[in-house]
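The values are calculated or read from the model by the stated rules, or taken from the named source; none is laboratory data. A quick note: this is a predicted structure, and the numbers were derived from the prediction, not measured. Virtual Cβ from ideal backbone geometry, glycine too; neighbours counted across all protein chains shown.
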Amino acid sequence: MKNCLTRYIFPEKHRPLRRPPLTLKHLLWIAYPPLAAFLRSRGLQLYTEANVDLQGRAEGTDWPADAETMIGLKRLNNLHSCIAQVLHENVPGDFIETGVWRGGACIFMRAALAAYGDSTRRVWVADSFAGLPKPDARYPQDAGDRHWKKSDFLGIPLEQVKANFSRYGLLDDRVRFLQGWFKDTLPSAPIEKLAILRADGDMYASTMDSLQNLYPKLSPGGFVIIDDYGVIAACRKAVDDFRAANNISAPWTAIDSCGIYWQKSA
């Protein structure tokens, strides 16, 4: 399942965009998605079929053209490990990802519940399905953030994400969608308890909104997974600020160069 969701074992139709060095990152981030979208709208492509860079795909350091997830095998393996542990230890609660892109990590959550025979937990899929928000005046840490300009690449419509679940036969009433900005949807989300909270919101505001609204619902023994801690300073700052404000001393562990996780103590 992990190899399918990442396209680790398949050639993609088009060459993925490797994450560039920091000196070129912002230029390519701005230029590539609109150019690719423009060509696609006219039946053209930037590249022909290309082999997957297996190491990059394992690390989650490229932007897949076709795969349902960009988090890579290492972060999927981490998610698998966390799921297996909370199920083995009977940690109560549902699973959620905030910021789902094409839905791959949530698809894997639902697949894992099916594989382990769990018939009660739900998977919450939280996203705007329209890209990231403009910087919020509440959080000056996001001033100048440009993620909102990339909705053509990062904003995957709800209908497409549902279709991706359906391709794997995993769209059912135990998959719940929370559509909208996190500041609007998460405070009133009808979630009682969580066993896994996976936050992939990139920005300070998105990360902080996820933690403030959902961490209190995370059961002791449950896991927090932060996707962008190692590579996005605003995300890292939000996590550090939240942990300090809430006296969270549980040590976090690096998954790879990007993600971290920790287990909530009693």
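Only residues that are at negative phi, surrounded by 18 or more Cβ atoms within 10 Å (Cβ to Cβ) and not hydrophobic (A, V, I, L, M, F, W, C): list them for region 81-100, please. Answer for region 81-100, where residues must be at negative phi, surrounded by 18 or more Cβ atoms within 10 Å (Cβ to Cβ) and not hydrophobic (A, V, I, L, M, F, W, C): Asp94, Glu97, Thr98. Of Ser151, Ser210, Ser206, Ser219, all but one fail to be over 18 Å from the mean Cα position of the chain (by Cα), surrounded by 15 or more Cβ atoms within 10 Å (Cβ to Cβ), outside any loop (DSSP other than H, G, I, E, B) and of a type outside the set (D, E, K, R); the exception is Ser219.
Among the residues of region 116-148, which ones are part of a helix (DSSP H, G or I), in contact with a Lys or Arg (Cβ under 8 Å, 6 or more places away or on another chain) and more than 29 Å from Ala65 (Cβ to Cβ)? Listed by number, the list holds a single entry, Gln141. Scan region 171-191 for residues that are outside any helix (DSSP H, G or I) and either in contact with a Cys (Cβ under 9 Å, 6 or more places away or on another chain) or within 22 Å of Pro133 (Cα to Cα) (or both) and jot them down. Residues satisfying the conditions are Val175, Arg176, Phe177, Leu178, Gln179, Gly180, Trp181, Leu186, Pro187, Ser188, Ala189. Just so you know, in region 192-203 the residues that are buried (at least 24 other Cβ atoms within 10 Å of the Cβ) and touching a Cys at 6+ places or on another chain (Cβ under 8 Å) include one that is nearest to Leu79 (Cα to Cα), and it is Ile196.
State the number of residues belonging to region 48-91 that are acidic (Asp, Glu), closer than 19 Å to Ala105 by Cα and modelled with pLDDT of 70 or more. Can you show your working first?
Let us first name the residues in region 48-91 that are acidic (Asp, Glu), namely 49, 53, 59, 62, 66, 68, 89.
From what is left, the residues that are closer than 19 Å to Ala105 by Cα are 59, 62, 66, 68.
Remaining after also requiring modelled with pLDDT of 70 or more: 66, 68.
Residues in region 48-91 being acidic (Asp, Glu), closer than 19 Å to Ala105 by Cα and modelled with pLDDT of 70 or more: 2 in total.
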